[in-house]
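What follows is a short report on a single structure.
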Amino acid sequence: MNILKRNERSYKQILAYAILILCFVASVIFVNHNHSFYQKPVAEVMEATLVETTLINDIDSLFTQQLIAKLKNGPEKGQLIHIKNEYSTSGAYDQAYQPGNELFVSIDPSKEENGELSGTILDVKRDKYMLIVAWVFIFTLLIVGKKQGLFSIISLAVNAALLSYALDVYVNHFGVSLLVICSISAVLFTVISLVLINGLNEKTYAAIVATLLGTFLSLFIAYIALWATSENGLRYEEMQFLTRPYQEVFMAGLFLGSLGGVMDIAITMSSSIFGLYEKNHKISLKALQQSGLEIGKDIMGTMTNILFFVYISGSIPMIILYLNNGVPLSYTLPMNLSLELARALAGGIGIVLAIPISLYASIFFVTRKKAKS
């Protein structure tokens, strides 16, 4: 009987690996032959010649390339197009191109005297590289997490689709509150992620309760703090082009941003508490409480630092740009970091609150489990 079960398990694993490899091969073939699915003309660089170099200053130069590319889609498919490309040493908004690069181009309606097509570069076709990164991510999750890794991928895809739908509803319905949409989405994100990865059990229930309570409490505290200070010190200039209330958009981003960190803390605490209980069913609640507090202290600092670095890292390019243009540091930092620091602080509050909430929620469900047994 055990041999039959082992053989059945091996057959399922082989089938799963075969399906995974088939998906990988199919996706690679598709992404290399999907030019007809794009409305914009796509051209593959055949030749790249450097024709001119101009010194701008001591640290930067301007280069001019003459590209010959072959159109891969549209009415002019198969024809050659001549493109002039200018790029600088810094490469902030431009880059050099090599044979084999695929570009989105705009075709000049008037042909040159010799009848050849000319045009300009709109963007780079990067789907091949994105596919490689995506598959590395998928394989890493599956190798390390196996079954849980697969469910992590599924939950990520479901949550991404759900978030896209929620934002689409908000954009197309002016009377809908973004905070309400994000609140509903946060509940769904939490339940879908934790149930798919950990299943329906007491550990999952404790993590769900802790995640939702910690996230909503951090949002409430952040709202009270902003209300009490009249939002003094927050610079909303980066949202000046929004046609919606930027305070609401900021709060929604703060809400969803703290959700990930709080969820991580909640499932870590819940797994630790239930792990201790599973190892020793006779462990006292006081010992569980002390162990949980020690675990919480260990992970609290690292998680708050992670949130801080994640939020601040996105502002580094703008800070460097401001400083390179001689803007004073006293103006640069508040302008670029006020919103990011507010998000980091709100997420930190949620993380700190999630530790005791997760601990006592887990102990509550452990107590219930003990009573049943």
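The values are calculated or read from the model by the stated rules, or taken from the named source; none is laboratory data. Everything quoted here is computed from the prediction, not taken from an experiment. When we count neighbours, we look across all protein chains shown, and the Cβ atoms used for this are built from the backbone with ideal geometry, even at glycine. Side chains included, ligands, DNA and RNA excluded: accessible areas come from the protein's heavy atoms. Shrake-Rupley method; radii C 1.70, N 1.55, O 1.52, S 1.80 Å.
Structural remarks
- Helix runs (DSSP H) in the chain reaching 20 Å along axis by Cα, Kyte-Doolittle at least 0.0: 2-31, 127-145, 147-172, 178-198, 202-228, 246-279, 285-313, 329-372
- For region 122-181, applying the loop criterion from DSSP together with a ceiling of 14 other beta carbons within 10 Å to the trypsin sites (Lys or Arg not before Pro) yields Arg126, Lys146.
- Charged side chains reduced to their Cβ positions (Lys and Arg at +1, Asp and Glu at -1) give the chain a dipole of some 2720 debye around its Cα centre.
- Rel. contact order, % - alpha carbon contacts under 8 angstrom, at least six apart, the chain: 13
- Largest-first ordering by accessible area, 1.4 Å probe, given options His35, His82, His173: His173, His82, His35
- Within-15-Å neighbourhood charge of His173 [Cβ basis; K, R +1; D, E -1]: -1
- Dipole of the chain, positive direction: furthest Cα of Asn305, Ala186, Ala207, with charges on the beta-carbon: Ala207
- Computed with a 1.4 Å probe over protein heavy atoms only, the accessible area of Asp168 comes to about 80 Å².
- Region 44-82 and region 125-196: distance between their alpha carbon centers, rounded to Å: 38
- Difference of contour (0.36 nm per residue) and Cα-Cα distance, His281 to Asn201: 27.1 nm
- Net length gained if the chain between Ala18 and Asn34 were fully extended (0.36 nm per residue, minus Cα distance): 3.4 nm
- Pairs exceeding 30 Å between alpha-carbon atoms, taken from Lys147/Lys279; Lys72/Lys147; Lys72/Lys146: Lys72/Lys147; Lys72/Lys146.
- Whole-number accessible area per residue in Å² for region 38-125, which is evaluated in the context of all protein chains at 1.4 Å: 61
- Here's the picture: charge each Lys and Arg Cβ at +1 and each Asp and Glu Cβ at -1 in region 38-125, and of Tyr87, Ser61, Gln98 the one pushed furthest to the positive end of that dipole is Gln98.
- Dipole moment magnitude, nearest 20 debye, region 132-271 about Cα centre, only Lys, Arg, Asp, Glu C-beta charged: 400
- A full extension of the chain between Leu333 and Ser106 corresponds to an added length of 77.8 nm, given 0.36 nm per residue minus the alpha carbon distance.
- Only helical runs count toward this figure. For the chain, summing -39,500 (n - 2.57) over DSSP H runs of n ≥ 4 and dividing by all residues gives -23000 deg cm²/dmol at 222 nm.
- The local environment of Ala206, defined by Cβ-Cβ distances under 13 Å, has a net charge of +2 under the rule Lys, Arg +1 and Asp, Glu -1.
- For region 108-230: rounded, prolate or oblate by the Cα gyration tensor [a/c cutoff 1.5]: oblate
- The share of accessible area on the chain that comes from carbon and sulfur is 66 percent, using a 1.4 angstrom probe.
- Candidates per trypsin sites (Lys or Arg not before Pro) in region 233-340, loop by DSSP, up to 11 other Cβ within 10 Å: Lys282
- Mean separation of Cα contacts under 8 Å (6+ apart) over length of region 99-256, as relative contact order %: 16
- Cα gyration tensor category, rounded, prolate or oblate, for the chain with a/c compared to 1.5: oblate
- Sorted on the mean count of surrounding Cβ atoms within 10 Å across their residues, most packed first, peptides 47-55, 249-257 read 249-257, 47-55.
- Val51 versus Lys77: modelled label distance in nm, points set 7 Å from Cα along the beta carbon direction: 2.9
- Dipole axis of region 177-372 (+1 Lys, Arg; -1 Asp, Glu on Cβ), positive-most option in Gln247, Phe364, His281: His281
- Shape of region 177-372, Cα gyration tensor, a/c cut at 1.5: prolate
- Semi-axes of the equivalent ellipsoid for region 38-125, computed as √(5λ) from the eigenvalues of its C-alpha gyration tensor and ordered from largest down, come to 25, 14, 10 Å.
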